[in-house]
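Peer 1: What follows is a structure written as structure tokens; I'll ask about it next.
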Amino acid sequence: AASEEDAAHAKRLEEEESARAAAEEAAEARAAAKVEGAAGERTAEEEDGESHLEFKQLKKGDGETAPSKGDYVYCCYTGTFAPGTEHGGKDLSGKQFDSTWDSKLKKHRPLHFQHGGGKAIRGWDEALKRMTLGEKAELTIG
């Protein structure tokens with residue numbers, strides 16, 4: 001049983017490292033986009049008039065309490081790769097890459113960020129514009 005727990009722990013560590021590496025790559029890409037933006041080109045944060053989000057409501061919210069730009073929000077999520085996602089010849093379709101679930105505490109540790117302030121990926125900001133307190137949705141961000 002201990003070796004199974006060790007293997008599971010090693011797998012979680014590997015997944016976390018992979019997620020950290022992906023986050024670092026995304027940060028580097030954003031920094032490069034900002035440098036290009038300084039040269040007169042559009043940055044990823046600028047509105048391009050395109051939707052980068054598929055939104056599927058899973059549970060209705062209260063219908064009233066919606067975040068305004070600049071409000072701090074708490075979000076629970078599980079990130080999974082879209083069907084057909086491959087990296088290094090490995091099929092990652094449907095595999096989890098990140099989550100707010102803390103398996104040790106057996107509860108979510110919500111992500112806390114400022115809505116509309118460029119602190120989260122654009123698809124999240126787009127989704128939060130139409131969501132209310134307690135709502136649950138499945139987002140596909142591209």
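The values are calculated or read from the model by the stated rules, or taken from the named source; none is laboratory data. Predicted, not measured: the structure shown is a model, and the values here were computed from it. Every residue, glycine among them, receives a Cβ derived from its backbone with ideal geometry; neighbour counts consider all protein chains shown. Heads up: the accessible areas ignore ligands, DNA and RNA and are worked out on the full protein's heavy atoms, side chains in. Shrake-Rupley method; radii C 1.70, N 1.55, O 1.52, S 1.80 Å.
Peer 1: With a sphere of radius 15 Å drawn around the Cβ of Gly61, what net charge do the other residues whose Cβ falls strictly inside it have (Lys, Arg +1; Asp, Glu -1)? Kindly include the intermediate steps, with their values, before the conclusion.
Peer 2: Values: positive: Lys56, Lys59, Lys60, Lys129, Arg130, Lys136; negative: Asp62, Glu64, Asp71, Glu135, Glu138.
Cβ neighbours under 15 Å give a net charge of +1.
Peer 1: Normalise the Cα radius of gyration of region 90-142 by 2.2 N^0.38 Å (N = residues in it) and let me know the number.
Peer 2: My calculation over the Cα atoms of region 90-142 gives 1.34.
Peer 1: Which of rounded, prolate, oblate describes region 57-132, given a ≥ b ≥ c as roots of the alpha-carbon gyration tensor eigenvalues and a/c under 1.5 marking rounded, otherwise prolate only if a/b is larger than b/c? Kindly include the intermediate steps, with their values, before the conclusion.
Peer 2: On the way: a/c = 2.01, a/b = 1.61, b/c = 1.25.
Prolate.
Peer 1: Taking the Cβ of Phe81 as the centre, find all other residues whose Cβ is under 13 Å away and add up their charges (Lys, Arg: +1; Asp, Glu: -1).
Peer 2: -2
Peer 1: Within the set of other residues whose C-beta is less than 9 Å from the C-beta of Ile141, count the net charge using Lys and Arg as +1 and Asp and Glu as -1. Don't jump to the answer; show the numbers that get you there.
Peer 2: Values: positive: Arg122; negative: Glu54, Glu126.
Cβ neighbours under 9 Å give a net charge of -1.
Peer 1: Accessible area of region 53-97 with a 1.4 Å probe: how many percent of it is carbon plus sulfur? Don't skip to the end; give the middle numbers.
Peer 2: Working: 1700 of 3560 Å².
With neighbouring chains kept in place, the figure for region 53-97 is 48 percent.
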